[in-house]
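Asks: Just dropping this structure here.
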Amino acid sequence: MKPLEIQSVIETPSLRLRPPHLNDAGRLAKLLNDFEVARMTTSIPHPYGIEDAERFVCDATPETFVVEHMDHGPIGTVGFSEGEGRRAELGYWIGKPYWGSGYATEAARGAMGWAKSVWNRRHVAARHFVDNPASGEVLCKSGFLYTGQVTPSISKARNQIVPSRWMVWLA
Ligand SMILES: CC(C)(COP(=O)(O)OP(=O)(O)OC[C@H]1O[C@@H](n2cnc3c(N)ncnc32)[C@H](O)[C@@H]1OP(=O)(O)O)[C@@H](O)C(=O)NCCC(=O)NCCS
């Protein structure tokens, strides 16, 4: 992916998406050490400790954001990784106490607006496990469409291969 020289901060009605700091690690580890969250991701192990969160912060690229709620503080993360063929892939999670309030959709929409207008991406991929329809809803509401492709992906936390539905967003 084309590297960015400065990282942006993305403001949405109730969230601020900003670079992760080392002093976020305790909070992120607390929210992420939850099998219900980790099991729906490809790369988050379970259990998840403070060292994992510190590594996440240190390895963060300029396309990685902490999702900070104006009242609750950090509630999750959203970001882009480099997938096959150097295409950008969107990923996110929200801590369980904050599910069901529209925050993932708000964060994903904010991130996609940034990807289009600041990062100049014209297409972004995303995938969700077949047993994670809530994430499919978030992606549909953020402008992604199903490609019809279903491929096996690893869930590190489950230590299992799970089929994933692929989606695409076009600017
Ligand atoms: C998936 C996740 C990000 C959703 O976060 P959230 O803040 O609760 O999401 P939102 O409130 O913005 O939207 C969730 C939508 O899914 C819907 N939904 C929830 N459970 C559902 C289910 N079992 N089947 C279908 N839709 C469901 C909700 O009704 C909501 O849609 P609506 O607003 O139209 O009613 C969160 O549950 C999470 O972090 N899960 C674990 C990690 C993960 O799945 N990351 C994404 C990997 S692809």
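Asks: Suppose every Lys and Arg Cβ carries +1 and every Asp and Glu Cβ carries -1, with no other charges. What dipole size does segment 10-121 come out with about its Cα centre, to the nearest 20 debye?
Replies: Numbers: 12 positive and 15 negative charges, 58 e Å.
For segment 10-121, the charge dipole is close to 280 debye.
Asks: Taking every pair of distinct Cα atoms and averaging 1/r, then inverting, what Kirkwood hydrodynamic radius in Å comes out for segment 10-121?
Replies: For segment 10-121, inverting the mean 1/r across all distinct Cα pairs yields 14.2 Å.
Asks: Which number gives the lysine pairs in the chain that have C-alpha atoms under 21 Å apart and are eight or more places apart or on different chains? Can you show the working numbers first?
Replies: Values: 2/116; 30/96; 30/156; 96/141; 96/156; 116/141.
Number of lysine pairs found: 6.
Asks: Same structure, new question: Test of understanding: ordering 92, 98 by Cβ neighbours within 10 Å, fewest first, what list do you get? Write down the numbers at each step before the final one.
Replies: On the way: 92 23, 98 16.
Placing the least packed residue first, the sequence is 98, 92.
Asks: How much net charge surrounds residue 126 when only other residues with a Cβ under 14 Å from its Cβ are counted (Lys, Arg +1; Asp, Glu -1)? Can you show the working numbers first?
Replies: Details: positive: 87, 109, 121, 127, 141, 165; negative: 63, 82, 84, 89, 137.
For residues surrounding residue 126, the net value is +1.
Asks: Work out, in µm²/s and without decimals, the Stokes-Einstein translational diffusion coefficient of segment 109-148 at 20 °C, 1.002 mPa s, Rh from Kirkwood over C-alpha pairs. Intermediate results must be reported in sequence, preceding the final value.
Replies: Working: Rh = 11.0 Å.
Estimated diffusion coefficient is 195 µm²/s.
Asks: What is segment 58-171 by shape, rounded, prolate or oblate, if you read a ≥ b ≥ c off the alpha carbon gyration tensor as root eigenvalues and call it rounded for a/c under 1.5, prolate for a/b larger than b/c, and oblate otherwise?
Replies: rounded
Asks: Between the DSSP loop rule and a limit of at most 11 other Cβ atoms within 10 Å, which trypsin sites (Lys or Arg not before Pro) in segment 63-171 are left? Write out the running numbers ahead of the final one.
Replies: Details: sites: 86, 87, 109, 116, 121, 122, 127, 141, 156, 158, 165; in loops: 87, 121, 122, 156, 158.
Of the trypsin sites (Lys or Arg not before Pro), the ones in loops of segment 63-171 whose Cβ has at most 11 other Cβ atoms within 10 Å are 122.
Asks: While we're here: Fewest to most neighbouring Cβ within 10 Å: what's the order for 59, 24? Don't skip to the answer; put the middle values down first.
Replies: Working: 59 9, 24 21.
Ordered from fewest to most neighbouring Cβ atoms within 10 Å, 59, 24 come out as 59, 24.
Asks: Would you mind telling me which residue in 77, 147, 41 has the biggest mean-square fluctuation in a Gaussian network model of the chain, where springs connect alpha carbons within a distance under 10 angstrom?
Replies: Judging by the Gaussian network model, the answer is 147.
Asks: Take 144, 80, 35, 129 and order them by how many other Cβ atoms sit within 10 Å, fewest up front.
Replies: 35, 129, 144, 80
Asks: Still on this structure, please answer the following. Given 105, 58, 83, which one lies farthest toward the positive end of the charge dipole of segment 10-121, if we put +1 on the Cβ of every Lys and Arg and -1 on the Cβ of every Asp and Glu?
Replies: 105
Every number in this text was worked out from the coordinates using simple rules, so none of it is lab data. Just so we're clear, the structure is a prediction, and the values are computed from it rather than from any experiment. Cβ atoms come from the backbone with ideal geometry, glycine included; neighbour counts cover every protein chain shown.
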